[in-house]
Amino acid sequence: MSGERSYADRVPLPSRDLTASAVVQAGLVTPALRDRALDVLLDPALAEIVDLVCWFEKGLVHVADSAGHSALASDGATTVLAGRDPVGDQDSFGDDSYPFAAARLHSLFRDPRAPDLAVVHTGRHCWTERGGHLGEHGSLNGLQSRAPLLLSGPGVQARGVVDAVARTVDVAATLAHLTGGSYDEMDGRPVDLVTPGAPHVVGLLWDGAPSADLIALAQEGTLPNVARLLARGCALRGGAIAEFPSVTLVNHTCALTGVGPGTHGIVNNAYYDRVQGEQVVTNHSVSWHRAAEWLRPGVRTVWERLPAGAIGACINEPMDRGATYSTFALVRESGSGGTGSISDFLPPAADDAHATQEHVAANGDFAWGTQVDAIGLIQVLDLWREGTPPALTWWNTTLTDGAHHAGGPGSAIARAGLVDADRRLGVWLDLVEARGLLDDVVVLLTADHGMQAADPACTGDWDEALTAAGIPFRDEAYGFLYLGD
């Protein structure tokens, strides 16, 4: 999470009156203004950085690039309006394909605070001047959207890597199913490779961990503790496809509510609320601990679906509403909301025996992620060291995201982030084994999105082109365009 900060210059309090209607939003933007913006964005001169432009009109999501334009119905039916279908390739296992495109886009545009135009970066686009990184995500394509999904333990089919695919919303449904809770009204459905029955369920989210890399490194022995899990279960080759946009807080929320962004209400790391007249920044160090305040009325977390009396523990995870124990509840109770004050409670990264110290010393984000994950491990061990462990434990790992942003997938620093996370996982697994609890625990390992290497030679800025054309707009999270004054 550490690398995903809006480039905007203010961080207001979250909106609480979320009663805007799509009619209100639609009345603020004329088709003529939208078409002027599309003429700029779909110019072949920007094709190196603009993969797709998406918008909602009369019940359909429109998707266009410089070579084609299609309209997608919510059931996936597609009408090609010009040229070729920009999202015609929806191969669930492809890197450059667009799995579940219609469902994911309709999920976003269900919310009236969705943008007038969603501009999707090409996978190569390097936008470090806007806060981007060498490793990126957020787009609709398979590579940036594919999180791992691994299941291990009693009741799990021990089949190794299987040719199957799921979605991030299926994570919540699977957790609810395994813990005896209801998954009614979720968009997701339980993965059918595991049968409920274990008294303890543990969900691991390794933020930004690419699915293919995680599996390959486990199979080659670089991640021995992920390999321990895989030996007692299975991993989906297609992983869990993130909802769009494939960014952190959107998909943490999907994984713990089972519904998409247009239902749960967190539509991006930063977006604009026209009715409130304010920018909303959700994924920021000063607002993470308040994330559940943005949930739409009626949306329930997995914690709120646990059977009566069941204990839920939520470690380093902002979407914690209803958990019995929560890291961020402690932050709220202490009144500590800023980065500095939280950091005051973190152990020194230089003292961490599980950390790759060369990267701790060289990279501030790696050092900070190490500190966050160190205190996460402390909490997990305290919860599992003695007595009856929680019925559901959710353990979020932060370093893996920052490490992949820093160097891109496959880089030395990204690999170190995964290795360090594996070491911490091993400490907990050793404790569980020493207590004789391995046969009582189902583990689910996933992430919130995938990751792709940006090309430093592929630069450019559509905002400059829009400004030069005299089009009034605001660009939130670099890709959510709200048109007009």
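The values are calculated or read from the model by the stated rules, or taken from the named source; none is laboratory data. Predicted model only: the values in this text are computed from it and were never measured. Ideal geometry is used to build each Cβ from the backbone, glycine not excepted, and the neighbour counts take in all protein chains shown. Please note that ligands, DNA and RNA were not included when accessible areas were found on the heavy atoms of the full protein model with its side chains. Shrake-Rupley method; radii C 1.70, N 1.55, O 1.52, S 1.80 Å.
Key figures for this structure:
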read-out: Qualifying residue in the stretch 389-399 (condition: over 25 Å from residue 255 (Cα atoms), assigned to a loop (DSSP other than H, G, I, E, B) and not aromatic (Phe, Trp, Tyr)); value: no
read-out: Counted residues, the stretch 150-177 - those being under 22 Å from the mean Cα position of the chain (by Cα) and open to solvent by 10 Å² or more (accessible area, probe 1.4 Å); value: 5
read-out: One residue from 302, 281, 226 being open to solvent by less than 10 Å² (accessible area, probe 1.4 Å), closer than 18 Å to residue 188 by Cα, touching a strand residue (DSSP E or B) at 6+ places or on another chain (Cβ under 8 Å) and touching a residue at least 60 places away in the same chain (Cβ under 8 Å); value: 302
read-out: First in the stretch 251-268 and closer than 15 Å to residue 301 by Cβ, second anywhere and open to solvent by 10 Å² or more (accessible area, probe 1.4 Å) and of a type in the set (Val, Ile, Thr), Cβ under 6 Å, 6 or more apart; value: 257/299; 264/299
read-out: Conditions (1) surrounded by 22 or more Cβ atoms within 10 Å (Cβ to Cβ); (2) not β-branched (Val, Ile, Thr); (3) not in a loop (DSSP other than H, G, I, E, B): number failed by residue 113; value: (3)
read-out: Helices (runs of 4 or more DSSP H) contained entirely in the stretch 184-296, each with at least 2 residues that are out of contact with any Asp or Glu (no Cβ under 8 Å at 6 or more places or on another chain); value: 211-219, 224-231, 248-257
read-out: Residue 375 under 16 Å from residue 425 (Cα atoms) and open to solvent by 10 Å² or more (accessible area, probe 1.4 Å); value: yes
read-out: Some residue of the stretch 278-299 being within 30 Å of residue 335 (Cα to Cα) and under 13 Å from the mean Cα position of the chain (by Cα); value: yes
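Conditions tested, residue by residue: (1) under 23 Å from the mean Cα position of the chain (by Cα); (2) modelled with pLDDT of 95 or more; (3) open to solvent by less than 10 Å² (accessible area, probe 1.4 Å).
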residue: 362; (1), (2), (3): no, yes, no
residue: 381; (1), (2), (3): no, yes, no
residue: 395; (1), (2), (3): yes, yes, no
residue: 417; (1), (2), (3): yes, yes, yes
